[in-house]
Structures are given as structure tokens and as C-alpha cells.
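K.L.:
Encoded as C-alpha cells, here's the structure I'll be asking about.
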Amino acid sequence: MRQQLLAILVSFSVFFSPILLADELKLKADAPTLYQVKAGDTLWDIAGLYLQHPWLWPRLWKLNPQVNNPHLIYPGDELHLQFDADGQPILTLNSQRATTSSSEVTQAQSNTAEAGAIKLTPQIRRIAKAEKAVPSISLAGIEPFLSEEQLVSEDQLESLPYVLGGKDNVKNAVSGHMLYVQGELDQTRRYGIYRQGEVYEDPQSGDVLGYEAVLMAEAKVLPPAMVDEQQISRIEVQKSRREVKQGDRLLPMPQQSMYPDFFQLQSPETVVSGVIVDSASEWREFAKGEIVLLNQGQNAQLQPGHLLGIFRPSPAVVDFGDKPSYPEDSDKLQRILHEVVGSADEMPTELVGQLMIVKVSEHSSFAMILRTEQPVRVGDLIGNL
């Protein structure tokens with residue numbers, strides 16, 4: 001199975017090289033000439049209104065020097081679709097947050113006795129800019145994942161503090177229980193209590209990518225206790241999701257400041273070739289919004305916000321000039337010929353979706369699926385769009 005996957009990955013690396021050149025900026029036929037940004041919009045949503053390939057959205061902004069930072073557009077701003085002298089589409093931004101209304105006037109009494117009239121003076125109604133700019137992508141489904149999902153190395157796992165027991169003979173602790181911990185804890189940090197989950201291997205190399213750390217509960221660090229001049233760490237279990245057991249490990253929960261306020265969507269500058277290893281839901285097929293684990297990370301110079309395509313090779317076909325068939329549907333003679341020839345005819349590899357990198361480790365990364373043409377599967381290939 002591993003050899004087959006390696007063969008697919010090699011053919012895929014050859015396949016997607018021309019894809020990198022297919023970056024023509026194509027507008028949708030129904031792209032709006034005027035669009036007013038609404039609360040709840042994301043830059044990805046807006047790009048999808050205009051472009052057939054939304055991952056090329058930075059080029060739509062880049063062609064227009066007026067929009068020097070597309071991450072600073074706000075609900076109420078107006079986007080105008082125009083074309084330059086070469087026929088290239090550009091978006092212009094009208095962020096003038098002031099309007100004139102004839103119905104909103106102030107009355108000023110004339111000081112001249114002969115007029116005795118009321119002077120109506122149009123006034124400028126200023127609309128305060130929304131506090132938050134439009135995000136690149138909706139973070140509602142990512143924020144809990146960013147703070148809870150952990151992938152640790154074997155060495156890191158062995159060095160983590162672990163639960164010894166509690167002040168009572170409790171085998172399964174929940175919120176409110178006080179537990180003792182082997183290892184020193186920082187009283188200024190919040191910790192997660194984790195249990196080792198699945199071991200993830202790289203389908204390409206066979207190397208261990210890391211160990212899944214499944215969050216059981218959060219922990220508040222209490223002042224340590226002393227036993228025979230030995231310091232014992234203490235914690236209070238909080239926000240338990242599952243029962244905490246002896247031997248469960250403690251790991252500092254990531255601080256929110258570690259993550260960007262927005263994801264700067266862009267294509268990687270290097271060629272990326274990898275595979276989807278698993279999904280957060282552990283389903284075999286999944287759709288938009290799912291978090292997936294990839295076997296490429298910092299080693300492939302991936303960063304949060306990088307956009308990648310999801311690809312799948314079409315089924316091979318056995319064709320000896322009579323009746324083409326899939327290998328599993330071939331008759332006895334075709335199977336014999338197939339064994340003699342050694343391989344079936346390869347079919348094209350097709351784009352089935354897009355994803356965005358949200359968290360990166362040394363040899364792996366987590367990504368969020370942004371769009372699917374059909375259900376995405378574990379084992380699907382990932383690469384440059």
C-alpha cells in the first residue's frame with residue numbers, strides 16, 4: 001500500500017508543475033460591479049464573488065495600489081470592479097464613511113430682521129467605522145481548535161508532567177477535584193490535561209509525525225505542597241471534557257497571542273507536495289470547515305494562511321484496444337495482459353478542494369478545508385494551486 005501511495009505522490013509531483021503556471025486571473029460571469037461589504041463577510045467570501053479561482057485574490061488587490069492593505073476593509077465599505085488599460089480587473093475601495101442627507105439638517109435662525117426666515121443647512125452625517133475589519137476567514141470554527149489541539153513528539157511526551165493521584169481515592173477525576181502532579185508547574189500559566197491518542201506516521205517516509213494529545217480537561221495550578229522536604233505540584237481540575245485518570249499528561253495551553261489576528265491568505269513560495277493524513281473528526285470523508293492533518297510543515301516552509309489545493313488521481317484504466325475497463329472490473333484475459341504489461345493507463349489528477357494552513361509544526365501542519373468540489377478523503381494529495 002505504501003509503495004502505491006509513493007508512486008501516486010511521484011506522479012502527482014510531475015502533474016502539478018504546470019498547475020503553478022495556470023494562474024490567469026479569471027472573473028466570474030456574474031461578478032458584481034459594485035458590492036457593499038456586510039458584517040459577517042470574509043475576504044475569502046468576497047474573493048469567491050469575483051474570481052473563478054479565489055486563491056488568486058491577492059492579485060486582484062495587488063493590481064490596484066489604492067488597496068494597499070485588503071485586511072483593513074470594513075462593513076459598509078464599497079468595492080467597485082473596474083478594468084485597467086490592459087483589460088485587467090481591479091477592485092477600487094470607497095471607504096469614505098460620510099454621506100450627505102437632505103433630511104438631516106439643522107435649523108439656523110437668521111439674524112436679519114427683514115428675512116425672518118429659517119435657513120436650512122445640509123449637514124454631513126458621519127458613520128463611525130466598524131471596530132473590526134473584515135477577517136480573511138471565519139475564525140469561529142478554528143479558535144477552539146487552535147487552543148486545544150496538540151501534536152507532540154515522543155521526547156516531549158515523555159518529559160511532560162503527569163497526574164499522580166488525588167487527595168481522595170478517585171480513579172476518574174472531573175471538575176472540582178484536586179490532584180497531585182509529578183513535575184514542576186508554572187503557577188502563572190493555565191494547563192491542559194491531555195491523554196495520548198493516535199500515533200501519526202508520514203505515509204511518504206514512514207517517520208512518526210507526532211503523537212496526538214487529546215484534551216481531557218483544563219487545570220488551575222494551586223500552590224505546591226511539601227512532603228518530607230519534597231515539593232509536590234497540585235492542580236484543580238476545571239472544564240472537564242472527559243474524566244481525568246492517573247498518568248494523564250499536563251501541557252501549557254497555547255496563549256491566544258501566539259496566533260495572528262487574521263490569516264494573510266497567500267500561496268506558498270515553494271513547491272509543496274504532500275498528503276492528508278487524518279481529520280479532526282476522524283471520519284474518512286469530510287467537507288468544508290473540517291480540520292485536517294498534513295504531512296508537510298515547516299520543512300516545506302508552510303505558514304498559517306498558506307492556501308493549497310486538494311487533488312485526487314482519477315482511477316486508472318486497463319485499455320488494450322477493445323473494451324476499456326477499470327482493473328477491478330477486468331475479465332480474466334485483461335487481468336493476465338495487465339499483469340504482463342505491468343500497469344494500467346494513468347488518468348488525470350483533478351482538483352477536488354482547497355484548504356488553508358492554520359497551525360504548523362516541524363514536519364506536519366493542521367489545515368482548514370475552505371471549499372470542496374466533492375467529499376475530501378484521508379489520503380488525498382495536497383499541493384500548490
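K.L.:
I'm trying to understand the selection: among the residues of the range 282-295, which are exposed (fewer than 15 other Cβ atoms within 10 Å of the Cβ) and modelled with pLDDT of 75 or more?
P.N.:
Just the residues of the range 282-295 that are exposed (fewer than 15 other Cβ atoms within 10 Å of the Cβ), to begin with: 282-285, 287-289.
Listed by number, the residues that qualify are 283, 284, 285, 287, 288, 289.
K.L.:
Please tell me if residue 243 is acidic (Asp, Glu), over 13 Å from the mean Cα position of the chain (by Cα) and either within 30 Å of residue 168 (Cα to Cα) or modelled with pLDDT of 75 or more (or both).
P.N.:
Values: acidic (Asp, Glu): yes; over 13 Å from the mean Cα position of the chain (by Cα): yes; either within 30 Å of residue 168 (Cα to Cα) or modelled with pLDDT of 75 or more (or both): yes.
So residue 243 fits the description; yes.
K.L.:
Kindly check whether there is at least one residue in the range 372-385 that is of a type in the set (Lys, Arg), at pLDDT 85 or above and buried (at least 19 other Cβ atoms within 10 Å of the Cβ). Show your work before the answer.
P.N.:
Taking the range 372-385 as the starting set, the residues that turn out to be of a type in the set (Lys, Arg) are 377.
Still in the list and also at pLDDT 85 or above: 377.
Going one step further and asking which of them are buried (at least 19 other Cβ atoms within 10 Å of the Cβ), we end up with none.
Checked the range 372-385: no residue is of a type in the set (Lys, Arg), at pLDDT 85 or above and buried (at least 19 other Cβ atoms within 10 Å of the Cβ).
K.L.:
What are the pairs with Cβ atoms under 7 angstrom where one residue, in the range 61-86, is modelled with pLDDT under 80 and of a type in the set (Phe, Trp, Tyr) and the other, located anywhere, is buried (at least 16 other Cβ atoms within 10 Å of the Cβ) and part of a strand (DSSP E or B)? Sequence gap at least six, or different chains.
P.N.:
61/91
K.L.:
Name the pairs whose Cβ atoms lie under 6 Å apart, with the first residue in the range 25-48 and farther than 24 Å from residue 266 by Cβ, the second open to solvent by less than 30 Å² (accessible area, probe 1.4 Å) and among the basic types (Lys, Arg), and 6 or more positions between them or separate chains?
P.N.:
none
Each row is one residue, and each column tells you yes or no for (1) in a helix (DSSP H, G or I); (2) in contact (Cβ under 8 Å) with a residue 24 or more places away in the chain; (3) touching a Phe, Trp or Tyr at 6+ places or on another chain (Cβ under 6 Å); (4) among the polar types (S, T, N, Q).
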{"site": "270", "(1), (2), (3), (4)": "no, yes, no, yes"}
{"site": "276", "(1), (2), (3), (4)": "no, yes, no, no"}
{"site": "282", "(1), (2), (3), (4)": "no, no, no, no"}
{"site": "289", "(1), (2), (3), (4)": "no, yes, no, no"}
{"site": "292", "(1), (2), (3), (4)": "no, yes, no, no"}
{"site": "296", "(1), (2), (3), (4)": "no, yes, no, yes"}
{"site": "303", "(1), (2), (3), (4)": "no, yes, no, yes"}
{"site": "307", "(1), (2), (3), (4)": "no, yes, yes, no"}
{"site": "312", "(1), (2), (3), (4)": "no, yes, no, no"}
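K.L.:
Name the pairs: first residue in the range 361-385 and more than 13 Å from residue 283 (Cβ to Cβ), second residue part of a strand (DSSP E or B) and hydroxyl-bearing (Ser, Thr, Tyr), Cβ to Cβ under 8 Å, at least 6 apart or on different chains?
P.N.:
Here the result reads 364/200; 381/273; 381/349; 382/273; 383/273, each pair linking the range 361-385 to a residue that is part of a strand (DSSP E or B) and hydroxyl-bearing (Ser, Thr, Tyr).
K.L.:
Moving to a separate point now. Can you tell me which residue in the range 208-240 is least open to solvent (accessible area, probe 1.4 Å), limited to those that are among the charged types (D, E, K, R) and either modelled with pLDDT of 90 or more or touching a Cys at 6+ places or on another chain (Cβ under 8 Å) (or both)?
P.N.:
In the first step, residues of the range 208-240 are kept if they are among the charged types (D, E, K, R); the result is 212, 218, 220, 228-229, 234, 236, 239.
Narrowing further to those that are either modelled with pLDDT of 90 or more or touching a Cys at 6+ places or on another chain (Cβ under 8 Å) (or both): 218, 220, 234, 236, 239.
Values: 218: 21, 220: 96, 234: 65, 236: 60, 239: 131 Å².
Only one residue fits best here, namely 218.
K.L.:
Select from the range 36-60 the residues that are more than 16 Å from residue 305 (Cβ to Cβ) and of a type in the set (S, T, N, Q) and write down the one among them that is modelled with the lowest pLDDT.
P.N.:
The qualifying residue modelled with the lowest pLDDT is 52.
The values are calculated or read from the model by the stated rules, or taken from the named source; none is laboratory data. Since this is a predicted model, take the numbers as computed values, not measurements. Neighbour counts run over all protein chains shown; Cβ positions are idealised from the backbone, glycine included. Heavy atoms of the whole protein, side chains included, go into the accessibility calculation; ligands, DNA and RNA do not. Shrake-Rupley method; radii C 1.70, N 1.55, O 1.52, S 1.80 Å.
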